[in-house]
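Peer 1: Below are the structure tokens for one structure; questions will follow.
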Amino acid sequence: MKKIHAIYYIIASIILMGIGIGGVFVLPGNEREPKESVGEIIKLPEPRYDSETSIEEALLKRRSIRTYKNESLTIAEVSQLLWASQGITDLEMGFRTAPSAGALYPLELYVVIGNVQGIPKGVYKYNPYKHELVKVKDGDVRVELAVASLGQTWVRDGAIVIVFSAIYERTTEKYGDRGIRYVHMEVGHAAQNVYLQAVSLNLGTVVVGAFRDDSVREILNMSDKEHPLYIMPVGRI
């Protein structure tokens, strides 16, 4: 009888550890909300859920654009781009705008603010659950990031630079080494969302994959467990 009680206790403990928002089962180590909560917090305006640009038109016009005007973006445009890349589309289930193997969401999202109305220059981390930015570093680091990107000047010239990183363990704990492939698929999904959203906002962007990982990690104050995957400057065209 004692053994049966012990088994019930273990099962109950596992279930309680896995309960997330709204009673949704979440595996330990896949927190619904990031633990980082230091630094200035900027609440982003609510994203729009419709526009005059159809998905077909956005696909037709999608291009990699490397030349931008020296003009600022609005906080609403930044909000829209970040929501498109990793925004929450179902608060109870935690689903996002881009698909994720096992709904494990290994991606982390940073934005370097260089020229945005209403947002001080600096490095921010996007919290999709609250649709807000958390500052992790002061100052404009676009030039440093361009140098780390092997001198690609469009990284310097974007009004903002979106940077995707990944914590592989969130996915590989379930899928093993194959999970690495799933993470790389996922960042492609998210980057395409940024491309299509940029079209609807009449903005330009390009995916940059050539950079020095350690330098990017240091510039953005990433944790050691994060691996930078994509850099996407965005600017007015």
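Peer 1: Answer yes or no as to whether Val216 is in a strand (DSSP E or B), touching a strand residue (DSSP E or B) at 6+ places or on another chain (Cβ under 6 Å) and not small (Gly, Ala, Ser).
Peer 2: The answer is no for Val216.
Peer 1: When Asp50 is evaluated against the numbered criteria (1) part of a loop (DSSP other than H, G, I, E, B); (2) in contact (Cβ under 8 Å) with a residue 24 or more places away in the chain; (3) closer than 22 Å to Gln192 by Cα, which criterion, by number, is the only one it fails?
Peer 2: Every listed condition holds for Asp50 apart from (2).
Peer 1: Of all residues in the stretch 53-73 being of a type in the set (Gly, Ala, Ser) and touching a residue at least 40 places away in the same chain (Cβ under 8 Å), which is nearest to Ile160 (Cα to Cα)?
Peer 2: Ser72
Peer 1: Output the number of the condition that Ser13 fails; it satisfies all remaining conditions of (1) at pLDDT 50 or above; (2) outside any loop (DSSP other than H, G, I, E, B); (3) among the polar types (S, T, N, Q).
Peer 2: The number of the failed condition is (1).
Peer 1: Another question, if that's okay. Would it be correct to say that Pro120 is touching a Ser or Thr at 6+ places or on another chain (Cβ under 7 Å) and either at pLDDT 95 or above or surrounded by fewer than 11 Cβ atoms within 10 Å (Cβ to Cβ) (or both)?
Peer 2: So Pro120 fails the test.
Peer 1: Something else now. Which residues, taken from the stretch 151-174, are assigned to a helix (DSSP H, G or I) and aliphatic (A, V, I, L, M)?
Peer 2: Val155
Peer 1: Shifting gears a bit: List the number of the failed condition for Val183; all other conditions in (1) of a type outside the set (Phe, Trp, Tyr); (2) in a helix (DSSP H, G or I); (3) surrounded by fewer than 17 Cβ atoms within 10 Å (Cβ to Cβ) hold.
Peer 2: The one condition Val183 does not meet is (3).
Peer 1: For the list (1) closer than 11 Å to Ile231 by Cα; (2) of a type outside the set (S, T, N, Q); (3) crowded, with 23+ Cβ neighbours inside 10 Å, I need the number of the one condition that Leu109 fails.
Peer 2: (3)
The values are calculated or read from the model by the stated rules, or taken from the named source; none is laboratory data. These figures come from a predicted structure and were not determined experimentally. All Cβ positions, even for glycine, are placed from backbone atoms using ideal geometry, and neighbour counts span all protein chains on display.
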